[in-house]
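Student: My questions will all concern the structure given below.
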Amino acid sequence: MATFGWRGRRVEWARIGSGPPLVLCHGTPWSSWLWRPFAEAIADRFTVHLWDMPGYGASSKDAAHAVGLDVQGELLADLIAAWELDGPPHVVAHDIGGAVALRAHAIHGVPLRSLALVDVVALRPWGSPFFRLAAEHEAVFAALPGALHEGLVRAYISGASAVGLAPEALGALVAPWLGDEGQAAFYHQIAQADEAHTAAFEERLTEVTAPALVVWGEDDAWIPVDRAHRLAAAIPGAELELIPGAGHLVQLDRPAELAAVLERWLMRRRGTAAG
């Protein structure tokens, strides 16, 4: 992993492969670990960029830093510029990574060669009752005994899968949120989840100029599949692909099916002009 410094934050990122630039954006409460197998599988055709948002994964988790979608969108715009890519990148984004990518493109004017949105946070309403409870009582949840916190995080993450998570996968997803720093960061990022940050681009979805693909797990219990249809209808010319038997963690529920959908999309768009 390499490090990018931005407004006091430490952003851990990696570049693998060769070919046109591709940026993979993770969501919450995940990290770039979730995209790593796909990155490795497609690295013979694309130069893949993985990154952990501040507050997540291996990046810094300073309690004083804002980690909302507005900040992450600004950071992605600056990070893409700092990478000095060989032309505008393709972007594949999951969960709040979709909102971050849409803010970078629609609000900060970052040109993209294509945009694939996988079970993304984009249209209101979003955020579970647990999100709202934790946001209202951040200090209380941050002070839970470590064992109780770990059990809560494990149960919460498990609910994102429609088929059940293997123990090693669940452990990898939970690990960044353990310990004093990880526990505080988990509730900190929830407390800063704000629908205003997606409202800012909802009416501008008609202005998205990059070719767009919306991909969704049909059994997503976190963000119901009706949002996929609404989002695809809101973005001009967007294509829609639904993956049966997959929940919100489609990367783990149906990895081969998702990889096939994304590879077809990226190879079709490999030589297209940026939008």
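Student: Length gain on complete extension for the stretch Ala259 to Thr209, per 0.36 nm per residue less the alpha carbon to alpha carbon distance?
Tutor: Net length gain for the segment: 15.6 nm.
Student: Something else: Placing unit charges on C-beta atoms (Lys and Arg positive, Asp and Glu negative, everything else neutral), compute the dipole magnitude of the chain about its Cα centre in debye, rounded to 20.
Tutor: Computed about the Cα centre, the dipole is about 500 debye.
Student: Using the Cα gyration tensor of region 56-114, with a ≥ b ≥ c the square roots of its eigenvalues, what is the shape: rounded (a/c below 1.5), prolate (a/b larger than b/c) or oblate (neither)?
Tutor: Cα axes put region 56-114 in the prolate bin.
Student: Simple spin-label model, 7 Å along Cα-to-Cβ: Trp6 to Glu84 in nm?
Tutor: Distance between label points: 1.8 nm.
Student: OK, next. Which number do you get for Rg(Cα) / (2.2 N^0.38 Å) in region 141-273?
Tutor: Dividing the Cα radius of gyration by 2.2 N^0.38 Å gives 1.25.
Student: Could you give the size of the charge dipole of region 65-172 about its Cα centre, using +1 on the Cβ of each K and R and -1 on the Cβ of each D and E, expressed in debye and rounded to the nearest 20?
Tutor: Rounded to the nearest 20 debye, it is 300 debye.
Student: In whole Å and largest first, what semi-axes does the C-alpha gyration tensor of region 1-112 yield when each eigenvalue is scaled by 5 and square-rooted?
Tutor: After scaling each eigenvalue by five and taking roots: 20, 16, 13 Å.
Student: With an 8 Å cut-off on Cα pairs and a minimum separation of 6 or more residues, tell me the relative contact order of the chain in percent.
Tutor: So the answer I get is 19 percent.
Student: Please identify the trypsin sites (Lys or Arg not before Pro) of region 4-40 that satisfy two criteria: DSSP loop assignment and at most 16 other Cβ atoms within 10 Å. Which are they?
Tutor: Loop-located and lightly packed - Arg7.
Student: Hey, another quick one. Each residue of region 56-68 in turn: what ³J(HN,Hα) in whole Hz from Karplus with 6.51, -1.76, 1.60 and θ = phi - 60°, glycine and Pro shown as x?
Tutor: Karplus-based 3J(HN,Hα) across region 56-68 equals 9, x, 8, 6, 5, 10, 5, 5, 7, 8, 5, 10, x Hz.
Student: Against the globular-protein guess of 2.2 N^0.38 Å, express the Cα radius of gyration of region 57-167 as a ratio, rounded to two decimals.
Tutor: For region 57-167, the normalised Cα radius of gyration comes out at 1.27.
Student: Projecting each Cα onto the charge dipole of the chain (Lys/Arg +1, Asp/Glu -1 at the beta carbon, about the Cα centre), which of Ala200, Ala66, Ala169 comes out farthest on the positive side?
Tutor: Of Ala200, Ala66, Ala169, it is Ala200.
Student: What Kirkwood radius, in Å to one decimal, follows from the Cα pairs of the chain?
Tutor: Computed over Cα pairs of the chain, the Kirkwood hydrodynamic radius comes out at 18.5 Å.
Student: Which of the listed residues, Gly5, Ser18, Ser32, is farthest toward the dipole's positive end in region 5-44, when Lys, Arg count +1 and Asp, Glu count -1 at the beta-carbon?
Tutor: Among Gly5, Ser18, Ser32, the one farthest towards the positive end of the dipole of region 5-44 is Gly5.
Student: Going toward the positive end of the dipole of region 131-216, with +1 on Lys and Arg Cβ and -1 on Asp and Glu Cβ, which of Ile157, Leu178, Pro145 do you reach last?
Tutor: Projecting each Cα onto the dipole axis, the largest value belongs to Ile157.
Student: In whole Hz and in residue order, list the ³J(HN,Hα) couplings for region 248-262 that follow from phi through the Karplus curve 6.51 cos²θ - 1.76 cosθ + 1.60, θ = phi - 60°; x for Gly and Pro.
Tutor: 3J(HN,Hα) across region 248-262, in whole Hz: 5, 8, 4, 4, 9, 6, 9, x, 5, 5, 5, 4, 5, 4, 5.
Student: Report, by chain and number, residues whose modeled amide H sits under 5 Å from the one on Cys25, excluding near sequence neighbours (fewer than 5 apart, same chain).
Tutor: The answer is Val92, Ala93, His94.
Student: Could you work out how much longer the chain between Arg154 and Glu239 gets when fully extended? Use 0.36 nm per residue separation minus the Cα distance between them, nm to one decimal.
Tutor: Full extension of this stretch gives 27.2 nm more.
Student: Using unit Cβ charges (K, R positive; D, E negative) and no other charged atoms, how large, in debye to the nearest 20, is the dipole of region 146-271 about its Cα centre?
Tutor: In debye, rounded to 20, region 146-271 gives about 420.
Student: Residues with amide H under 5 Å of Ser59's amide H, sequence separation 5 or more or different chain, H placed in the peptide plane at 1.01 Å from N; which?
Tutor: Glu12
Student: Ok, one more. Taking 7 Å along the Cα-to-C-beta vector as the label spot, tell me the Glu40-Ala64 distance in nanometres, rounded to one decimal.
Tutor: Using points 7 Å along Cα→Cβ, the separation is 3.8 nm.
Student: Let me ask something else. For region 112-214, which trypsin sites (Lys or Arg not before Pro) are both in a DSSP coil and crowded by at most 16 other Cβ atoms within 10 Å?
Tutor: For trypsin sites (Lys or Arg not before Pro) across region 112-214 that sit outside H, G, I, E and B with at most 16 neighbouring Cβ atoms in 10 Å, the list reads Arg204.
All of the numbers you see were taken from the coordinates with simple rules; none came from a lab. All values reported here derive from a predicted model rather than from experimental measurement. So basically every Cβ, Gly included, is an ideal-geometry build from the backbone, and we count neighbours across all protein chains shown.
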